[in-house]
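Okay, so here's the structure we're looking at.
The values are calculated or read from the model by the stated rules, or taken from the named source; none is laboratory data. Predicted, not measured: the structure shown is a model, and the values here were computed from it. Using ideal geometry, Cβ is built from the backbone for each residue, glycine included, and neighbour counts are taken over all protein chains shown.
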Amino acid sequence: MARVLGSRHCLVCGRDNRVGMHLRFRVDGDGAEAAWASTSSFQGFPGVLHGGIVLSLCDDAMWYAAFGRGAFTMTAEASVRYRTPVRIGLPLVIRGWVTEHRGRLWTCAAELAAAEGDTVLATAAGKFLPVPPQLLDRTCVHEYPEPERQAAP
C-alpha cells in the first residue's frame, strides 16, 4: 500500500465527508472498480442522477486506474458521454482503466453501468498529470487507498 496524499474529504471516496458518496474502489494493474447506489441528495432532474455526479464517479475511477499503475495524478481534462439518464437509487458499477501512458501524461477511460445487466449508462475519457509539488502538503499524508473495513462477525 502506497503512502500518498489522500483527501479524506473527497466527495466521491472520502471517508470523512458527511455528505459524500464514500465509494471504495478495488484497484489492480488492470484498472479500478466500485459499486454504488445514489440517493436523492445527488439528484439533478427529478429522479435522475446529476450529470456532474456521473462525471465525478467516472473521474475517480480513472484516477484510481492510474494510481493502480503507480501514478499520483490529478485531472487535466475530462469528458463524458451520457447514454441515458441514470435513475436515482439504481445500483451502479463504475470502472476505470488506463488507455495510454506517455511521459507525464496518463490517458484513461471509464464507464458507469447498471450493476444488473451491465448496461452502460455513461462513458468518459480523461487526461491526468502528476500532482504539482505545491499541492503535496506532507501533513496530510496517509495510507491510500485505505483498506476496506471488515464487518464484525
Among residues belonging to region 71-106 that are in contact (Cβ under 8 Å) with a residue 60 or more places away in the chain and over 12 Å from the mean Cα position of the chain (by Cα), point out the one that is surrounded by the fewest Cβ atoms within 10 Å (Cβ to Cβ). PHE72
Here is a list: PHE128, PHE42. Which entry is in contact with a His (Cβ under 7 Å, 6 or more places away or on another chain) and crowded, with 18+ Cβ neighbours inside 10 Å? PHE42
Within region 34-54, is there a residue that is in contact with a helix residue (DSSP H, G or I) (Cβ under 8 Å, 6 or more places away or on another chain), under 20 Å from THR123 (Cα atoms) and aromatic (Phe, Trp, Tyr)? yes
Restricting region 113-153 to residues that are under 16 Å from ALA35 (Cα atoms) and over 19 Å from the mean Cα position of the chain (by Cα), which is modelled with the highest pLDDT? GLU116
